[in-house]
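Quick notes on the structure that follows.
Every number here is computed from the coordinates shown, using simple stated rules; none is lab data. Nothing here was measured: the structure is a model prediction, and the numbers come from that model. Note: ideal-geometry Cβ built from the backbone for every residue, glycine included; neighbour counts use all protein chains shown.
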Amino acid sequence: MPPTSRQSEAHRDTGTPPPEQVTVRRYLIDDPVTEITQLLHRAYAPQVEMGLKPLAGRQDDKTTLDRVLNSECFLATIAGEGGRERIVGIILLNEHERVAFPAFFLRPGVSHFAMFGVEPGLQGLGIGRRLLERTEARARELGAQELALSMAEPDTNLRAYYDKRGYRFIEHWQWPYTNYRSCILSKTL
Ligand SMILES: CC(C)(COP(=O)(O)OP(=O)(O)OC[C@H]1O[C@@H](n2cnc3c(N)ncnc32)[C@H](O)[C@@H]1OP(=O)(O)O)[C@@H](O)C(=O)NCCC(=O)NCCS
């Protein structure tokens, strides 16, 4: 698909790579966990500035690794300085957690994603779309008919992002480690 004028503008302004130069791949065991934690802290900083306490915005490396290893983790990467691979986005599919799940996540045929974040300077270029498409494709492959997620209810811009992508409201949910109510959304695959 040709880039939109907004995307072309972004590339001209920042010299950032177009989405076609982004690779989406599975997490590998020697991927740098600290880089991922820091990327998540940067991506979730606007929610933290709103007074929210998303886990991904404040978790330590041990928690990042634990979450990555208890899910199917996909990374978006680009060639950084000197050709070195740079991680610019992340998403987790079907994370196992040690806390109670919303009822909808437990239904047969429902997959769910979490810890979705893109490097702030590279947002709005389609990297999130690439990660979501890969996650949706993998959920279908696993036999899911629905792909669900949990998001902070006060983040209305984020809600608009998911509305536009065909996700609908299912139920409210309170995670024990956050200070806000969450919305469970889902999309029929
Ligand atoms: C949600 C998130 C992962 C999306 O990643 P992304 O790479 O920006 O996604 P895309 O480029 O595919 O789409 C971004 C959309 O926002 C629009 N947008 C407009 N201005 C933007 C801006 N300044 N920054 C980012 N996106 C912008 C884009 O045009 C695009 O909309 P459209 O495709 O509907 O036209 C990213 O915004 C993020 O990391 N957010 C913070 C963490 C978070 O809230 N994660 C979700 C938790 S449930």
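Taken as Cα centroids, the stretch 63-93 and the stretch 113-189 sit 17 Å apart, rounded to the nearest whole angstrom. For residue 187, the lysines whose Cα falls under 26 Å of its own Cα, not counting residues fewer than eight places away in the same chain, are 53, 164. Note on residue 62: aspartates and glutamates with a C-alpha under 18 Å away, same-chain residues under 8 apart excluded, are 30, 31, 35, 72, 95, 97. Residue ranges 107-115, 158-166 sort as 107-115, 158-166 when ordered by packing (mean number of other C-beta atoms within 10 Å per residue, highest first).
Once you order the gyration tensor axes a ≥ b ≥ c over the Cα atoms, which shape class does the chain get: rounded for a/c under 1.5, otherwise prolate or oblate by comparing a/b with b/c? Rounded, because the longest to shortest axis ratio a/c is under 1.5.
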